[in-house]
Amino acid sequence: MTALHQLSAHELLARQDAAEVTAREIVDDHLARIAATDSDVGAFLRVTADQARAHADDIDRRRAAGEPVGALAGVPLALKDILATRGVPTTCASRMLEGYEPPYDATVVELLREADAVVVGKTNLDEFAMGSSCENSAFWPTRNPWDLSRVPGGSSGGSAAAVAAQHAPLGIGTDTGGSIRQPATLTGTVGVKPTYGRVSRFGLIAFASSLDQVGPFARSVPDAALLLSAIARPDPRDSTSIRKPLDDPQAQLDVGAAGLRVGVVREFMEGEGLDPQVREACQQAVDRLTDLGAEVVDVSLPHAPYGLPAYYLINPSEASSNLARYDGVRYGLRVDGPTTEAMMAATRDAGFGAEVKRRIMIGTFALSAGYFDAYYAQAQRVRTLIARDFEAAFASCDVLVGPTAPTTAFPLGDKTDDPLAMYLNDVYAVPASLAGTPALSLPVGTDAGGLPIGLQLMGPLLGEATLLRAARALEVDLGLDLTPRGAQAVGATG
Ligand code: GLN
């Protein structure tokens, strides 16, 4: 018999509509799954079991009374611990914010509540979302449900792992330079980075504000589209929020790939360091799109190879400025010292991990008066050129495709001593981040070791609906079973 935690959000909604199951039963089943397997995975920093059960009971009560319930009623959701939740600790996986309880909810959290998604817990991440493996968490690394000796990617590794491990059918992550898409490819989940500004950043703890974006994880494209619809709303509390509402992605989801013009990004497919098995799986997926009636062409994003160095100047610059607020006075940790300055230095030394300190130092350097033009300003010029590359490509293509990341999941500890090797994971993800365009990762196969491989689909600004439609066509055609299995997988040892 299929357990409730194996079902999609759509199936869970249908079963409740048919009065076959209650929200409480669904939530209890997922909490039991978490209790049984999360000690192996480590996806959750905090499981909010009591609040989840109370919310589920309230949904069941309203259903029974004929009162309205939201579009995601009774569907468990894993929330990245970078979004403010009123009265519930919000740590960003940093010692700096240990014990911090926000006095308000992020807009995304409010919208999820309005939709009656049931938050089952807050998930692990690389500290302040800086990383690609979830190993930079100040608390513990999250493990990949497909192979517990490997990383789930990052920074939204906890949400990705929770969805892959069937702890929840839906997850919320954030993507500044790949942090939804890269963990999605490594965990065999669907992860969507919406257009910059599509989802409110109000209550999202700021990392690199010109890049940060919230988005969904799911085990299928329709579930990801459903979650995106619930959170993509204009918000007057975020000045970069897009006023134009999202075209309903559900409406176009099953139109198919026929007639779509798909550009295969040459610089991505020929990229140095690309695992041949990843290239092969992506090429096969592209061939399927051709068979489905898409017109596939070769395109170039000539400046994309400069995306990574530009990103790793812009990102630390913005981070160094955003993280200045952790001064021992306003939030979380405080380590006392004889003077205010000494207190701040001691607080920041004790509160931040190595990667956070590295970014603050790089960013402070890149923004300093003597170097600003050579580094930050130059990186901004590259950013403009990349945005123009995308514009030019979308003049003749509806969707661009390439690998999401150069490799499948790597072993824990493999890249922790080599920041540059870690940064290289993001090489295919950051161009769309710099351009602000929407992009998603779709599982399209596995490598010889059975580890998932994702194809990245990138769309023009505001083009989420077409992107999801193309991904759905491919998903249906491939018909993959995305349940982690094998001797190293979650649950394999009971
Ligand atoms: N891995 C990238 C970084 O460390 C992306 C992080 C993110 O998107 N939050 O900057």
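The values are calculated or read from the model by the stated rules, or taken from the named source; none is laboratory data. Just so you know, these numbers come straight off a predicted model, no measurement behind them. Cβ: placed from backbone, ideal geometry, glycine included. Neighbour counts: every protein chain shown.
Working only within the stretch 356-375, note down all residues that are within 16 Å of the ligand (Cβ to nearest atom) and within 15 Å of Tyr311 (Cβ to Cβ).
Narrowing the stretch 356-375 to residues within 16 Å of the ligand (Cβ to nearest atom): 356-363, 366.
Passing the criteria: Arg358, Arg359, Ile362, Gly363, Ala366.
Among residues of the stretch 140-159 being under 11 Å from the mean Cα position of the chain (by Cα) and assigned to a loop (DSSP other than H, G, I, E, B), the one that is nearest to the ligand (Cβ to nearest atom) is Ser155. Residues in the stretch 265-286 that are among the small types (Gly, Ala, Ser) and either at pLDDT below 95 or surrounded by fewer than 19 Cβ atoms within 10 Å (Cβ to Cβ) (or both): 2 in all.
If only residues of the stretch 116-139 that are in a loop (DSSP other than H, G, I, E, B) and among the hydrophobic types (A, V, I, L, M, F, W, C) are counted, the one that is surrounded by the fewest Cβ atoms within 10 Å (Cβ to Cβ) is Phe139.
Between Asp291, Asp336, Asp254, the distinction of being more than 30 Å from Leu451 (Cβ to Cβ) and of a type in the set (Asp, Glu) belongs to Asp336 only. Exactly one residue out of Ala409, Ala421, Ala405 is small (Gly, Ala, Ser), touching a Lys or Arg at 6+ places or on another chain (Cβ under 6 Å), within 13 Å of the ligand (Cβ to nearest atom) and under 29 Å from Gly153 (Cβ atoms): that is Ala421.
Residue count for the stretch 343-369 satisfying the condition of being over 17 Å from Arg95 (Cα atoms) and either among the aliphatic types (A, V, I, L, M) or assigned to a helix (DSSP H, G or I) (or both): 8. Taking the stretch 82-115 as the range and being buried (at least 24 other Cβ atoms within 10 Å of the Cβ), in a loop (DSSP other than H, G, I, E, B) and either of a type in the set (Val, Ile, Thr) or on the phi < 0 side of the Ramachandran plot (or both) as the test, the residues that pass are Ile82, Thr90, Thr91, Ser94, Ala106.
Quick one: which helices (runs of 4 or more DSSP H) lie wholly within the stretch 160-252 and hold at least 2 residues that are closer than 24 Å to His5 by Cα, more than 13 Å from the chain's Cα centre (by Cα) and not aliphatic (A, V, I, L, M)? Lay out the reasoning, then the answer.
Working: elements: 181-187, 221-231, 249-252.
The helices (runs of 4 or more DSSP H) meeting that bar are 221-231.
Whenever a residue of the stretch 205-219 is more than 11 Å from the ligand (Cβ to nearest atom), its partners that are assigned to a loop (DSSP other than H, G, I, E, B) and at pLDDT below 95, lying with C-beta atoms within less than 6 angstrom and at least six residues away or across chains, give the pairs Arg219/Leu482. Of the residues making up the stretch 449-468, none is out of contact with any helix residue (DSSP H, G or I) (no Cβ under 8 Å at 6 or more places or on another chain), more than 16 Å from Gly263 (Cβ to Cβ), away from the ligand (no atom under 14 Å from the Cβ) and free of Cβ contacts under 8 Å to residues at least 60 places away in the same chain.
Quick one: is Arg243 surrounded by 14 or more Cβ atoms within 10 Å (Cβ to Cβ), among the charged types (D, E, K, R) and away from the ligand (no atom under 16 Å from the Cβ)?
Working: surrounded by 14 or more Cβ atoms within 10 Å (Cβ to Cβ): no; among the charged types (D, E, K, R): yes; away from the ligand (no atom under 16 Å from the Cβ): yes.
No, not satisfied.
Filter the stretch 318-334 down to the residues that are in contact (Cβ under 8 Å) with a residue 60 or more places away in the chain, within 16 Å of the ligand (Cβ to nearest atom) and of a type outside the set (Asp, Glu) and list them by number. Write out each step before concluding.
Taking the stretch 318-334 and keeping what is in contact (Cβ under 8 Å) with a residue 60 or more places away in the chain, we get 318-319, 322-323, 326, 331-333.
Now drop any that are not within 16 Å of the ligand (Cβ to nearest atom), which leaves 318-319, 322-323.
Hits for the stretch 318-334 are Ala319, Asn322, Leu323.
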